[in-house]
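Read-outs throughout are calculated quantities, based only on the coordinates presented, and are distinct from any laboratory measurement. Given the structure is predicted, the values throughout are model-derived calculations rather than measurements. Using ideal geometry, Cβ is built from the backbone for each residue, glycine included, and neighbour counts are taken over all protein chains shown.
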Amino acid sequence: MQALDNVVVLDLTHHIVGPYATKLMADFGADVIKVEKPGGDIARQLGPFQGNEPNPEKSGLFFYLNCNKRSAVLDLRTAAGREALACLARRADIVVENFAPGTLERLGVGYDFFKTAKPVLPLVSISNFGQTGPYRDYKATELVMYGFAGEMYSMGLTEREPVKMAGTAALLESGAATSVAIMGALFASKRHGIGQHVDVAISETHFGGVDRRHATAIAYQFSGRKTVRVASAAGGLPQGIYPCADGYVDFTNAGLYPERVDDMLDHPDWNQDPRFQDPIQRLDPFVVEEWNAYFLGWMLERTKRDVWAEARRAKLLCGPLFTVEDMFTDDHFRGRGFWTSIDHPDLGRVEMPGRPLLMGKGGWALRRPAPRLGQHTEEVLREAGVADAVIAGVLGKEVAR
Amino acid sequence: MNPKPLEGIRVVDLCVVWAGPFATMLLGDLGAEVIKPENPHVWQPMTRGAMARPPKILLDRSIAWAGALPDNELTPRPWDHSPTFVSLYRNKRSFTVDLRRPDGMDILRRLVAVSDVVYENNATGTMEKLGITYDSLREANPRIIMVRVPAYGSTGPYYNARALGVHLEAVMGHTLLRGYDDADPSANTAIYSGDYLAGAQGAFAVMTALWHRDRTGEGQLIEIGQAENAAAMFTQAIMDYSLNRNVQSAIGNRDVNGRFPCGVYPAKSPGTSETMDDHWVSIHVETDEQWRAFAAAIGSPAWAADPRFATNDGRAEHFREIDAHIADFTREREDYDVMHLLQAAGVACAPVLEASRMFDDPHLRARDFFKRQTQQTAGTHEYVGPLFKFGETPIEFYQPPVMFGEHNDYVYREVLKVSDQEFESLRAAGHIATEYDPSIP
C-alpha cells in the first residue's frame, strides 16, 4: 500500500512545474492521469535526449518528471474530448492545470465545468503571475521568473550582472511548492467537503520562498537596507569557496569555531599565532589574508574528498564542489540506494534519482516508466466509463500510434 | 468561515535555521497549529540570529537579510527581529522549556501526546543527545508522525556531516553547475535552494503521512536526506549524465535547452551596484517566431535582420554578438518599459527585481499580495504574502512572527492544562521565560 493510492489526479499540466508536483503525487501512489494535447507535453521536445537526438519518447527531462503516470491524449477543442474529460473529472479527486490563464475557460472547461462534474473537486491552476492582475498574460521562462521573483538580484559579483541558478531549478522549487497546495486542496475537500479553485502563481511561490527572498524583503521593510550582490569568495578563517588539489571546497561560519578549525588542520604551528586566535585581530583583513595564505597551502595538498573528511571529523559546515559525475558515482548515495532504474521501450534501462524522501509506511515506489504519448488513452477512458461512441471519437481524433 | 485544510492538526516545531521552519510555516499557513518549544538556556546560532545579544556593529556589517534591525536600532530583544527568523515564523506559537532536564522532557512528552507531528532538522546527533527519538515519541503518542531532515541521510559515510543548504547543494553539483561561464566558481554567492526544496517537500510529506494515517491509523517516521532531496532541481544535468555520460558545467544565464537569446541585460539605472540601485532586465526568446516579434518590437534595427540570426542555430552560434546589440538597446531604457514592450510582443521579459522594488510593483498591488502585520516589539510592516491563493480557504496571517515565549500561557495552561502551582514551579525552575538567560551572549 502507498499513502496516496486512493487518490486520482486529473493532470492537465505540461512542461516542468505542474508535472513535478504531480510526479510527487504519483511517486507516493496516486493514480495520475496525464492528459496531453495532440502532439504531447512540450517537455517531450526538451532535452537532454538520449544520444542528443530530439525524440518525443527519449527526453530525459520528460522521463524523470512523468514516471508513474498514465498518458491520455484528449483534444479539448472537440466535444468528444470535453465529454471524456468530464467523465475523468467525475472519478478524480483533484484537477491540476497550467494553461495560460483564461485558456480553459475559452475551451469551456474552466472551474465551473469541473464544479458541475463534481462539486467537491478542487482545481489547482498554476500560472506565471496568477489568474488575475496586469501581468496575468505575461510570459516567463525560468530565467525571467527567477530574476523577477527569486533572489537573483543579489547573486554573482558586485561589478557584474546578476546570475541565476542552474538548469530550471527555480521551476522545480515551484513544483515542490505546488505539491503542498495540491495536498492542502485535497485535505479541504476530503476532510471538510470544500471544493475550490486554487491560484498558484509561480512568481508568488518565489517571493515568499525561503531561499533569501522573503528575508531580503523583510530586511528592507525593517531597516531600509538592501542586500548587496556579493560572491562567496574566500573570506578567511575559513569562509567561502577555496581551491584544493582537485577542485574546490565551500566553508561557512567556520570562524565561529576556531577550535574546530584547529582540529581540522591537526593543530599546525602556524595556526597557533596569537593574532589568529584573538577575536578582534581576526577581523583584520591583513590577518585574514595571511591566514588564508597558510590555509591555501593546506588545501592545495589535499583533494576535495580529503578536505571534507577532515571537516566532517571536526564538525565544520563544509561541502566539496562535486561534478554531476562525482555525485552520480559517489558511494554514499549508491550505498543508501538513492539511485533507481527502470526499463522503457524506447530508452532501454534508465537510471535516475529515486526517492526524494523515505517514509516508513506507504512510501515512494517506482511502478512504471514515463508513458509514451497517448499510451493509456483507451484504458483510462474505459475505466472512467466513457461511452464507446465518445471513445471512438477521441481515438479517431488522436494521432495514430 | 470555512475550516482551514489542516485545522485540528498540531505540529511540534523542533526546527532550526531554514529547511525545517519553511515546512512548518507552510503547514501553519494551511491551518495547522504549529508550536515551537524554545530553550531559554541554549542558543542555536542560526535560527533567531547569530547571537542572542549581538554587538550592533556585527549586525550592521552583516548582509542585510541576516542582520537588518527594525529602524536600525538594537532592541533588548534582537532574537525577535532576525529577518530570516521573522520570515519563517508567522502563524506559529512559541513557548519555552529546557529540554535538557527531565521535567522539561516531561513537558515535551505531554505536548507530543496531544500533537500529530514532530518536525526536526537539527545536526545529526542533537536529538539523540536529548533523548528524543522516534521510539521515545511513539511511546508518548503511538500515532505520531516524526519528520527528520539529516543533511545526507541517517546512514552512509556522510551521515554526520554538518551542512547548510549551500553545502549539500555543492555536493549535489549545483555550485559547479551555476554561475558565470567565464569565472572561477568562487564567484558564486551562497544560496539555499536545497532548503526551499526540502522545506516544501517536507510539508508535502507530512500531509502524505497524515493522509496515510487517516486511512490506517498509523503514524510513522519520515527521513528527508536533504542532499538526495535536492537532486531533483538538477534534473537536466543528472539525466544528461545518466543517458549520455555528459558532464554539464556552468552556462551563466543561458538556457539549458539552448534557446537564444537568453540573458540578463543592463537597464537604465538610478545608481550603481554599490548602492544596490543597478537595474537589469532578463529576456528570453524561445522560438524563431518570437525572435521576429522581438526584432519588430525593438524597432526592426538593421543588425536584427542579419540572416545569420534568423534561426536558433544561428543565434546560438552568434549569441555574444546578439547580446551586445541587445544590451545597447536596453541600456538607456527603464527595465519596466522594456518588459511591457516585449511582453506586448509575446516575449518573456521582466526586470531583475531587487527585493525592495517589489513593494512598488503594480501587479503585486493589484493582487493584494502584501500583508500588513504588527509585531509587538518590531512595529507594523508590510510582509510578503502567502505562496498560494485558495478560493474558499484563504491563507491568513493570523499570528504575526512569533516572539520568544509569546505563548507560554497558552501552551502550558490551555494545551497542557498545567495547574497554577505547576506553572509557578516550572517558572521558578527556569523553564518558563520570555527572554534568553542573561549569561548567553
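Could you tell me how far the Cα centroid of region A:349-364 sits from the Cα centroid of region A:270-341, in Å?
The distance from the Cα centre of region A:270-341 to that of region A:349-364 comes to 30 Å.
Shape of chain B from its Cα gyration tensor (a ≥ b ≥ c, root eigenvalues): rounded if a/c is under 1.5, otherwise prolate when a/b > b/c, or oblate? Please report the intermediate quantities before stating the final value.
Working: a/c = 2.18, a/b = 1.83, b/c = 1.19.
In terms of gyration-tensor shape, prolate.
Based solely on C-alpha atoms, express the radius of gyration and the Dmax of region B:267-363 in angstrom.
Here Rg and the maximum Cα pair distance are 14.3, 43 Å.
What net charge do the residues around A:ASP343 carry, taking every other residue with its C-beta under 15 Å from that of A:ASP343, with Lys and Arg at +1 and Asp and Glu at -1?
Working: positive: A:LYS58, A:ARG349, A:ARG367, A:ARG368, A:ARG372; negative: A:GLU57, A:ASP346, A:GLU351.
Surrounding charge for A:ASP343 is +2.
Which order, highest average first, do A:44-50, A:23-29 follow once you tally other Cβ atoms within 10 Å for each residue and take the mean per peptide? All intermediate terms of the calculation are to be shown ahead of the outcome.
Numbers: A:44-50: 22.1, A:23-29: 26.3.
Descending mean neighbour count gives A:23-29, A:44-50.
Report, in degrees rounded to the nearest 10, the 0 to 90 angle that the Cα long axis of helix A:304-313 makes with the longest principal axis of chain A.
Result, in degrees: 80.
Please compute the length gained on full extension between B:GLU396 and B:ALA344, using 0.36 nm multiplied by the number of residues separating them and subtracting their Cα-Cα distance. Could you put the intermediate results ahead of the total?
Details: separation 52, 0.36 × 52 = 18.72 nm, distance 3.42 nm.
Stretched fully, the B:GLU396-B:ALA344 segment lengthens by 15.3 nm.
Going by average Cβ density within 10 Å per residue, which order do the peptides B:393-403, B:349-359 take, highest to lowest? List each step's numbers first, then the result.
On the way: B:393-403: 19.2, B:349-359: 24.0.
Order by mean packing, descending: B:349-359, B:393-403.
Could you work out [θ]222 nm for chain B from helices alone, using -39500 (n - 2.57) per DSSP H run of at least four and dividing by all its residues? Round to the nearest 500 deg cm²/dmol.
About -9500 deg cm²/dmol.
So what is the relative contact order of region A:240-328, in percent, for Cα pairs below 8 Å that sit 6 or more residues apart? Each step should come with its number before you reach the end.
Working: 99 pairs, mean separation 40.1, N = 89.
It rounds to 45 percent for region A:240-328.
Please quote Rg/Rh for region A:240-328 to two decimal places, taking the Kirkwood radius as Rh and restricting both calculations to Cα atoms. Before the final figure, lay out the partial values.
On the way: Rg = 13.2 Å, Rh = 13.5 Å.
Across region A:240-328, the Cα-based Rg/Rh ratio is 0.98.
For B:SER87, what charge total do you get from the other residues with a beta carbon under 10 Å from its beta carbon, if Lys and Arg give +1 and Asp and Glu give -1?
Numbers: positive: A:ARG212, A:ARG213, B:ARG90; negative: none.
Local charge sum for B:SER87: +3.
State, as an integer percentage, the relative contact order of chain A based on alpha-carbon contacts under 8 Å between residues 6 or more apart.
On the way: 683 pairs, mean separation 84.7, N = 401.
With pairs under 8 Å counted, the relative contact order is 21 percent.
Find how much the distance from A:GLU378 to A:THR303 grows on full extension, using 0.36 nm per residue of separation minus their present alpha carbon separation; answer in nm with one decimal.
Working: separation 75, 0.36 × 75 = 27.00 nm, distance 5.60 nm.
Between A:GLU378 and A:THR303, full extension yields 21.4 nm more.
So how far apart, in nm, are the two label points at A:ALA79 and B:THR311 if each is 7 Å from Cα heading toward Cβ?
Inter-label distance under the simple model: 4.4 nm.
Whose amide H sits under 5 Å from the amide H of A:HIS344, counting only residues 5 or more places off or on another chain, with H placed in the peptide plane?
Amide H neighbours of A:HIS344, under 5 Å, 5+ apart: A:ARG349, A:VAL350.
Rounded to the nearest 500, what is the 222 nm mean residue ellipticity of chain A from helices alone, with -39500 (n - 2.57) per DSSP H run of 4+ residues and division by all residues? List each step's numbers first, then the result.
Numbers: 17 runs with 156 residues, N = 401.
One gets -11000 deg cm²/dmol as the mean residue ellipticity at 222 nm.
Please list, ordered by chain and number, the residues whose modelled amide H lies under 5 Å from the amide H of B:GLN220; skip anything fewer than 5 residues away on the same chain.
Distant-sequence amide H within range of B:GLN220: B:ILE145, B:MET146.
Among B:THR24, B:THR133, what is the fewest-to-most ranking by other Cβ atoms within 10 Å?
B:THR133, B:THR24
Could you order peptides A:291-304, B:245-258, B:303-316 by the average number of other Cβ atoms within 10 Å of their residues, highest first? Walk me through the numbers on the way to the answer.
Numbers: A:291-304: 16.7, B:245-258: 18.3, B:303-316: 15.1.
The most tightly packed comes first, giving B:245-258, A:291-304, B:303-316.
When you look at the Cβ of every residue in A:57-67, what mean number of other chain Cβ atoms sits within 10 Å?
Details: counts 0, 1, 3, 10, 6, 1, 4, 7, 3, 0, 0.
Mean shielding by partner chains, rounded to a whole number: 3.
To test your reading of the geometry: what angle, between 0 and 90 degrees and rounded to tens, separates the Cα axis of helix A:388-397 from the longest principal axis of chain A?
60 degrees
Helix A:79-90 versus the longest principal axis of chain A: what angle, 0 to 90°, nearest 10, using Cα atoms?
That helix lies at roughly 70 degrees to the long axis.
Normalising by the residue count of chain B, find the relative contact order in percent from Cα pairs under 8 Å and 6+ residues apart.
Numbers: 738 pairs, mean separation 86.5, N = 441.
That works out to 20 percent.
Give me the extension gain from B:ARG100 to B:SER300: residue separation times 0.36 nm, minus the current Cα-Cα distance, reported in nm with one decimal.
64.9 nm
Can you list the residues, at least 5 places off or on another chain, whose amide H is less than 5 Å from the amide H of A:GLY209, using H built in the peptide plane?
A:HIS214
In whole Å, what is the distance between the alpha-carbon centres of region B:365-441 and region B:290-333?
Taking the Cα centre of region B:290-333 as reference, the centre of region B:365-441 is 53 Å away.
Show me, for region B:369-376, the HN-Hα J-couplings you get by feeding each phi into the Karplus relation (A = 6.51, B = -1.76, C = 1.60, θ = phi - 60°), rounded to Hz, glycine and proline as x.
Working through the residues one at a time gives 6, 7, 10, 7, 10, 10, 9, 3 Hz.
Order by neighbour count: B:SER62, B:SER87, fewest other Cβ atoms within 10 Å first, most last. Walk me through the numbers on the way to the answer.
Values: B:SER62 15, B:SER87 27.
Sorted ascending by nearby Cβ count, the order is B:SER62, B:SER87.
Under 13 Å from a label point 7 Å along Cα→Cβ of B:LYS56: give me every residue in region A:267-289 with its amide N that close.
none
Enter the mean number of other protein chain beta carbons within 10 Å of the beta carbon of each residue in B:243-252, as an integer.
Details: counts 15, 7, 2, 4, 5, 6, 3, 2, 2, 6.
For this peptide, the per-residue mean of nearby foreign Cβ atoms is 5.
Hey, got the average number of other protein chain Cβ atoms within 10 angstrom for residues in B:215-226? Don't skip to the answer; put the middle values down first.
Working: counts 6, 4, 0, 3, 2, 6, 4, 6, 6, 5, 8, 1.
Whole-number average of other-chain Cβ neighbours for B:215-226 is 4.
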